[in-house]
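First the structure, in the form of structure tokens, and then the observations on it.
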Amino acid sequence: MLRRERALILRRFAFGETSLVLHVLTPSFGRVHLLAKGAYRTTSRYYAVLDLFDTLELEWSHGTGRELDTLRAGDLAVRRRAIAADLGRYRAALATLELAGLGAQEGQPSPGLFARVERTLDRLAGDVVAPELALLAFELGFLDELGLAPALDRCAACGRRAPAPASPKASSVFSPGAGGRLCRRCAEEARASGRRLLTLATRTLELAAELAARGPEALQGRISVGELEKVRAFVVRFLEYHLESRPRSYSQRPVKVAGLRGSVTP
Ligand SMILES: [Zn+2]
């Protein structure tokens, strides 16, 4: 059965002398594992087509019960060359693909996840938002896609809206297990029942809520490096709690945003 769809490469490995194994993300078929025979030959029709970060148009033959489907044709739909030219953008793009790979299942349509990955790669190929901010927005969107978005501006237990902070230094109680922020009453109940709670700056939660609702463009130039690091540390901690593993690209790189001073610039 021939299938044709847009695809993003999640991972690729050499296979034999001249072939490639690709793990790709597609909107309709979720994660697909493909064998690209002869991909490394200069005469191959996919030569210089099968690159990370680009949107591809692939055609493959699908067989039930086979471990690898066979790639038949591949074209480039959107080239994002700028990502590989900048280390910060490159790393953020790799982390995006790795996280997408943890969320994508074989045979399970993932149009929302696909769209979010594409939008993030577009941002990383452009120069409007800082790569760390684009990645953070993806991490929040990824949680939303999995139905795990943390409650940030309301109580995760009773649903009541969180009151406006009394001061810029106000803190809020957050429960990863309950799925988000807790109001004072629910926090007391949770504490009494021995649940593990975090105390976070309310500002951190509000920045995360704004990022999730309005996208990284809305925060670009308005969030300081220190604030971005705090939001990221919290979001990564929440991700790890739910994924029960630390993605590889996260352990190689400290969550701390390196090499940036002052306000966040692309
Ligand atoms: Zn509550």
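The values are calculated or read from the model by the stated rules, or taken from the named source; none is laboratory data. This structure is a prediction, so every number in the text was calculated from the model and none was measured. When we count neighbours, we look across all protein chains shown, and the Cβ atoms used for this are built from the backbone with ideal geometry, even at glycine.
Overview of results
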| read-out | value |
| --- | --- |
| Residue within the stretch 198-205 that is surrounded by fewer than 17 Cβ atoms within 10 Å (Cβ to Cβ), in contact with a Phe, Trp or Tyr (Cβ under 7 Å, 6 or more places away or on another chain) and of a type in the set (A, V, I, L, M) present | yes |
| Residues being of a type in the set (D, E, K, R), over 23 Å from the mean Cα position of the chain (by Cα) and either within 15 Å of residue 159 (Cβ to Cβ) or within 14 Å of the ligand (Cβ to nearest atom) (or both) - total across the stretch 175-204 | 6 |
| Any hit, the stretch 184-191, residues being in a helix (DSSP H, G or I), within 23 Å of residue 115 (Cα to Cα) and either touching a strand residue (DSSP E or B) at 6+ places or on another chain (Cβ under 9 Å) or not basic (Lys, Arg) (or both) | no |
| Hits in the stretch 1-34 (condition: at pLDDT below 95 and either touching an Asp or Glu at 6+ places or on another chain (Cβ under 8 Å) or aromatic (Phe, Trp, Tyr) (or both)) | 13, 15 |
| Count of residues meeting criterion [free of Cβ contacts under 8 Å to residues at least 24 places away in the same chain and closer than 15 Å to residue 151 by Cα] in the stretch 179-231 | 4 |
| Test result for residue 131, within 16 Å of the ligand (Cβ to nearest atom), crowded, with 23+ Cβ neighbours inside 10 Å and farther than 21 Å from residue 49 by Cα | no |
| Any hit, the stretch 104-112, residues being closer than 20 Å to residue 235 by Cα, out of contact with any Leu (no Cβ under 6 Å at 6 or more places or on another chain) and surrounded by 18 or more Cβ atoms within 10 Å (Cβ to Cβ) | no |
| Unique match (being assigned by TED's automatic domain parsing to the domain that holds residue 9 and more than 16 Å from the ligand (Cβ to nearest atom)) among 170, 137, 93 | 93 |
| Condition check for residue 144: in contact (Cβ under 8 Å) with a residue 12 or more places away in the chain and within 16 Å of the ligand (Cβ to nearest atom) | no |
| Residues of the stretch 155-176 satisfying the condition of being without any contact (Cβ under 8 Å) to a residue 40 or more places away in the chain and surrounded by fewer than 16 Cβ atoms within 10 Å (Cβ to Cβ) | 158, 159, 160, 161, 163, 164, 166, 167, 168, 169, 170, 171 |
| Matching option when the condition is more than 13 Å from residue 140 (Cβ to Cβ) and at pLDDT 70 or above, among 233, 258, 212 | 233 |
